[in-house]
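Asker: Have a look at this one.
The values are calculated or read from the model by the stated rules, or taken from the named source; none is laboratory data. It should be emphasised that the depicted structure is a prediction, and the values quoted were computed from it without experimental measurement. When we count neighbours, we look across all protein chains shown, and the Cβ atoms used for this are built from the backbone with ideal geometry, even at glycine. The accessibility values were calculated without ligands, DNA or RNA, using every heavy atom of the protein model including side chains. Shrake-Rupley method; radii C 1.70, N 1.55, O 1.52, S 1.80 Å.
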Amino acid sequence: LNNVRMLSVSELLEYVEDKASFEEILGTLDVPAFSMSNPAAIGTISRKKPHALDDYLFLKKHTDKAVKVALPGPYLLTRAMWVEGLSM
């Protein structure tokens, strides 16, 4: 997707207002902040090519059963990818 950047959780810390609470949440995860990443919108989201066409064509080539392909939903694209101070 255009205008989506993968950021480590430690990079996201720069944009969080309540850093102490965020770091406390990270501490409960028992995973280093640099090892996890999250997509973040850095502008208007668009796409260069069909998002799931390659997955669909691969599956159709290998099965004659009904095919389902996972797509990002509106929640992911609006809530989980919005980072205050970074997203426009």
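Asker: Can I get the semi-axes of the chain's equivalent ellipsoid? Compute them from the C-alpha gyration tensor as square roots of 5 times the eigenvalues, in angstrom, largest first.
Answerer: Values: eigenvalues 208, 57, 20 Å².
The equivalent ellipsoid of the chain has semi-axes of 32, 17, 10 Å.
Asker: Here's something else I'd like to know. Positive end of the charge dipole of the chain (Lys, Arg +1 and Asp, Glu -1 on Cβ, about the Cα centre): tell me which of VAL67, MET36, VAL83 has its Cα farthest that way.
Answerer: Of the options given, the answer is VAL67.
Asker: Given the rule -39500 (n - 2.57) for each run of at least 4 DSSP H residues, summed and divided by the residues of the chain, what is its mean residue ellipticity at 222 nm, to the nearest 500 deg cm²/dmol?
Answerer: Details: 3 runs with 25 residues, N = 88.
Per the formula, -8000 deg cm²/dmol.
Asker: Give me the percent of the accessible area of region 12-88 that comes from carbon and sulfur atoms, probe 1.4 Å, all protein chains in place.
Answerer: Values: 3690 of 6290 Å².
Of the solvent-accessible surface of region 12-88, carbon and sulfur hold 59 percent.
Asker: Count the lysine pairs in the chain that are 8 or more places apart or on different chains: how many have C-alpha atoms under 22 angstrom apart?
Answerer: Numbers: LYS48/LYS68; LYS49/LYS60; LYS49/LYS61; LYS49/LYS68; LYS60/LYS68.
So the count works out to 5.
Asker: Something else: Taking the Cα centre of the chain as origin and charging only Cβ (+1 Lys, Arg; -1 Asp, Glu), how large is the dipole, in debye to the nearest 20?
Answerer: Values: 10 positive and 11 negative charges, 176 e Å.
Computed about the Cα centre, the dipole is about 840 debye.
Asker: Something else: I'd like the orientation of helix 19-29 relative to the chain: the angle between its Cα long axis and the longest Cα principal axis, in ° from 0 to 90, rounded to 10.
Answerer: Orientation of helix 19-29: about 60 degrees from the principal axis.
Asker: Ignoring ligands, DNA and RNA, what accessible area per residue does region 20-74 give at 1.4 Å, in Å²? Write down the numbers at each step before the final one.
Answerer: On the way: 4540 Å² over 55 residues.
The answer is 82 Å² per residue.
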